[in-house]
Amino acid sequence: MSTATEALVADVRRGLGARPLRLPPRWLYDDVGSDLFDQITRLPEYYPTEAERAILAAHAPAIADACDAATLVELGSGTSDKTRLLLDALTDPGRSHGPLRRFVPLDVAEATLQDAAVRIAERHPGLEVTPVVGDFTTHLARLPRGPEVGRRVVAFLGSTIGNLYVEERGAFLGALADSLDPGEWLLLGTDLLKPVERLVAAYDDAGGVTERFVLNTLRVLNRELGADFDLDAFSYAPLWDPRLGRMDLRLRSDRPQHVRIPGAGLELDLGSGEEIQVEISTKFSPEGVADELAGAGFAVETAWTDAPGDFALTLARRV
């Protein structure tokens with residue numbers, strides 16, 4: 001059994017072996033899921049990607065000059081679409097700290113990762129591109145470090161950190177801080193609080209792409225663990241949780257059903273209307289972001305938002 005399969009089995013046993021039912025979002029992002037998410041980022045209802053892109057388009061040179069990194073690491077890189085704006089600024093020969101030497105994208109979807117790495121290497125022929133297959137929550141040790149790598153800036157974009165629960169965010173930021181040397185950098189993207197109507201619309205698009213994306217986690221279990229989830233027996237159920245300030249993306253069983261997951265040695269009885277939580281997306285305030293970073297050992301240097309104030313990019317330094 002591969003390491004990835006072992007991790008999937010552990011997550012399924014933990015998440016579906018007790019109530020409430022829950023699956024971690026990392027299993028959404030196989031190559032099919034990564035493609036669906038790329039489609040989501042282009043939907044008119046889904047504002048975060050374009051908001052973050054606008055910040056990078058306006059401020060990438062300032063970000064590049066603010067941090068003296070020689071290597072850019074991107075966690076959960078996917079297609080690295082928006083990152084190209086940052087790479088253009090970091091590899092500019094006129095950058096005050098000199099051009100970036102190395103780019104290290106990390107992602108669980110190997111085909112997507114390799115394809116993006118090839119395109120970036122073609123765009124920046126003088127840049128060393130070193131893709132790393134892995135999960136940012138467990139494989140930070142795979143990231144290169146040392147004198148030949150130089151000082152690093154870690155980009156964690158797309159408000160992916162909002163997919164982690166409060167305790168998970170603290171643990172992740174602490175682990176990331178431990179993996180960085182004092183003086184190294186973190187560029188963190190966070191979606192900001194805004195009217196509920198816009199939030200709900202962003203995660204319940206009219207074309208149903210987000211529904212197919214969330215359902216993909218069951219397709220992964222069917223393929224990898226021999227499960228017999230009937231995808232047609234579930235409805236997509238997104239909701240806003242005002243107490244925790246987050247979108248909560250769930251799959252609701254439309255009828256009683258018995259599901260077998262032989263690869264995990266598990267059988268599951270679902271009642272009509274019972275839900276499986278698949279992903280959360282927390283929304284932040286700038287003050288909250290600074291507090292969470294400080295608690296993990298980072299000091300905020302500066303932050304940028306798009307013109308409407310929908311999204312933020314925060315540059316912080318490991319102290």
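The values are calculated or read from the model by the stated rules, or taken from the named source; none is laboratory data. Since we're looking at a predicted model, the values are computed, not measured. Here the Cβ is made from the backbone with ideal geometry for all residues, glycine too, and neighbour counts use every protein chain on show.
Quick check, is Pro24 over 20 Å from Gln114 (Cα atoms), modelled with pLDDT under 95 and not small (Gly, Ala, Ser)?
Here the answer is yes, as Pro24 does meet what is asked.
Going by the structure shown, is Ala62 of a type in the set (Gly, Ala, Ser), modelled with pLDDT under 95 and surrounded by fewer than 18 Cβ atoms within 10 Å (Cβ to Cβ)?
When the stated conditions are applied, Ala62 does not pass them.
Condition test on Ala233, is it farther than 29 Å from Thr5 by Cα and either out of contact with any Ser or Thr (no Cβ under 7 Å at 6 or more places or on another chain) or at pLDDT 95 or above (or both)?
When the stated conditions are applied, Ala233 does not pass them.
Of all residues in segment 137-184, how many are assigned to a loop (DSSP other than H, G, I, E, B), modelled with pLDDT of 95 or more and acidic (Asp, Glu)?
Selection size over segment 137-184: 2.
Among the residues of segment 102-134, write down those that are part of a loop (DSSP other than H, G, I, E, B) and in contact with a Leu (Cβ under 7 Å, 6 or more places away or on another chain).
Answer for segment 102-134, where residues must be part of a loop (DSSP other than H, G, I, E, B) and in contact with a Leu (Cβ under 7 Å, 6 or more places away or on another chain): His124, Leu127, Pro131, Gly134.
Being farther than 26 Å from Glu279 by Cα and touching a residue at least 24 places away in the same chain (Cβ under 8 Å) is the filter here, so list the residues in segment 144-164 that pass it.
Pro144, Arg145, Val149, Gly150, Arg151, Arg152, Val153
Can you pull out the strands (runs of 3 or more DSSP E) entirely within segment 185-301 that have at least 1 residues that are over 20 Å from the mean Cα position of the chain (by Cα) and buried (at least 18 other Cβ atoms within 10 Å of the Cβ)?
Fully inside segment 185-301 and qualifying: 234-241, 246-253, 257-261, 266-270, 275-282.
Looking for whichever is without any contact (Cβ under 8 Å) to a residue 60 or more places away in the chain and either in the same structural domain as Asn222 (by TED's automatic domain parsing) or surrounded by fewer than 18 Cβ atoms within 10 Å (Cβ to Cβ) (or both) here; the options are Arg14, Arg22. Which one fits?
Residue meeting the stated conditions: Arg14.
Taking the conditions exactly as written (farther than 21 Å from His59 by Cα and in contact with a helix residue (DSSP H, G or I) (Cβ under 6 Å, 6 or more places away or on another chain)), does Ala294 satisfy them or not?
Taking the combined requirement at face value, the residue does not satisfy it.
Regarding segment 83-98, can at least one residue be identified that is of a type outside the set (D, E, K, R), at positive phi and either assigned to a loop (DSSP other than H, G, I, E, B) or touching a residue at least 12 places away in the same chain (Cβ under 8 Å) (or both)?
Yes, the conditions are met somewhere in segment 83-98.
In segment 165-180, which residues are buried (at least 19 other Cβ atoms within 10 Å of the Cβ) and without any contact (Cβ under 8 Å) to a residue 60 or more places away in the chain?
Hit for segment 165-180 is Phe172, nothing else.
Quick check on this structure: which one of Asp92, Asp68 is at pLDDT 95 or above, touching a His at 6+ places or on another chain (Cβ under 8 Å) and surrounded by fewer than 20 Cβ atoms within 10 Å (Cβ to Cβ)?
Among Asp92, Asp68, only Asp68 is at pLDDT 95 or above, touching a His at 6+ places or on another chain (Cβ under 8 Å) and surrounded by fewer than 20 Cβ atoms within 10 Å (Cβ to Cβ).
Working carefully through the options Leu270, Leu249, find the one that is assigned by TED's automatic domain parsing to the domain that holds Arg13 and out of contact with any Asp or Glu (no Cβ under 8 Å at 6 or more places or on another chain).
Among Leu270, Leu249, only Leu270 is assigned by TED's automatic domain parsing to the domain that holds Arg13 and out of contact with any Asp or Glu (no Cβ under 8 Å at 6 or more places or on another chain).
Within segment 91-112, track down each residue that is closer than 22 Å to Glu148 by Cβ and under 22 Å from the mean Cα position of the chain (by Cα).
Hits for segment 91-112 are Arg102, Phe103, Val104, Pro105, Leu106.
Please count how many residues of segment 27-46 are surrounded by fewer than 21 Cβ atoms within 10 Å (Cβ to Cβ) and not aliphatic (A, V, I, L, M).
Residues meeting the conditions: 9.
Exactly one condition in (1) at pLDDT below 95; (2) closer than 30 Å to Ala299 by Cα is false for Arg42; which is it?
(2)
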